[in-house]
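A quick write-up on the structure given underneath.
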Amino acid sequence: MGKIFTKKVSETVEEEIEKMIESGKFQSGEKLPSVRELCDLFGVGRSAVRDAITTLKGKGTVYVKQGEGTYICEFDSTKLFTNHMLIPRCEDIKDLFQVRKILETGIAEMAASNRSVQDLARMEEILSNLCINGWEGDYHFHMAIANATGNKSLIQLVQTISTAMKKAMIDFHRYIQENENIVKTMDEQHDKIYESIKMGNPIKANQSMINHLHYVEEILQNNILQKV
């Protein structure tokens, strides 16, 4: 048996602040409550709050104005490919999805030309459990397609953008689970993407991917992002 590790109080505080930023309770550019107010809010000591803020500052999520307080950083797309991934707003998610459509259609094309037997086996394995694994399965399927290109830079780009969109896509998958028709359509679209790649047909792979991403974007815009 492996060792059981418990989280530090400061890590829990850090996660709770991030959740509040993601949910919109704390807005980009807004000043965080004071250390004392955060202590009262979370029922923890000052050292836990200070440690959490220090970690968030190191991640580029917040910044400190001397003598004024702690502020939430604005999302900056130029920092997408650095170690400081900030929390995107609704409009940023829309922009990122546009990038996905441009990027992943080309990736599907390349995967159709470069895929190996192992790549196809990995995609098959993921698709067989997609309905069980929800967001994680979807993420791993798209990553498997990126991996099939053999291009490390493309793999990193997909991984980075997927991480930035994680919260929105988790909400998306929670939403579609309530609609069997959407889930069925999504499954059919994933199958078409896979079959196109398996057949080694770049044009069809591109078209299958863009059809899928257009469909996801429409649902995301109309049912998820407008409610944020």
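The values are calculated or read from the model by the stated rules, or taken from the named source; none is laboratory data. It should be emphasised that the depicted structure is a prediction, and the values quoted were computed from it without experimental measurement. Cβ coordinates were reconstructed from backbone atoms using ideal geometry, including for glycine residues, and neighbour counts include every protein chain displayed. Calculation scope for accessible area: heavy atoms of the full protein, side chains included, ligands and nucleic acids excluded. Shrake-Rupley method; radii C 1.70, N 1.55, O 1.52, S 1.80 Å.
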For the subset of segment 1-52 comprising residues that are small (Gly, Ala, Ser), open to solvent by 40 Å² or more (accessible area, probe 1.4 Å) and at pLDDT below 90, which member is farthest from the chain's Cα centre (by Cα)?
2
Are any residues in segment 156-170 small (Gly, Ala, Ser) and surrounded by fewer than 18 Cβ atoms within 10 Å (Cβ to Cβ), and if so, which ones?
none
Select from segment 102-122 the residues that are within 19 Å of residue 210 (Cα to Cα) and among the aliphatic types (A, V, I, L, M) and write down the one among them that is nearest to the chain's Cα centre (by Cα).
103
Residue count for segment 142-180, restricted to those that are more than 19 Å from residue 197 (Cα to Cα) and either modelled with pLDDT of 90 or more or β-branched (Val, Ile, Thr) (or both):
5
What about residue 173, is it surrounded by fewer than 17 Cβ atoms within 10 Å (Cβ to Cβ) and assigned to a helix (DSSP H, G or I)?
no
Please determine, by comparing only the residues of segment 123-155 that are open to solvent by 70 Å² or more (accessible area, probe 1.4 Å) and under 24 Å from residue 177 (Cα atoms), which one is nearest to the chain's Cα centre (by Cα).
136
Out of (1) open to solvent by 30 Å² or more (accessible area, probe 1.4 Å); (2) touching a residue at least 60 places away in the same chain (Cβ under 8 Å); (3) within 20 Å of the chain's Cα centre (by Cα), what's the single condition that is false for residue 203?
(3)
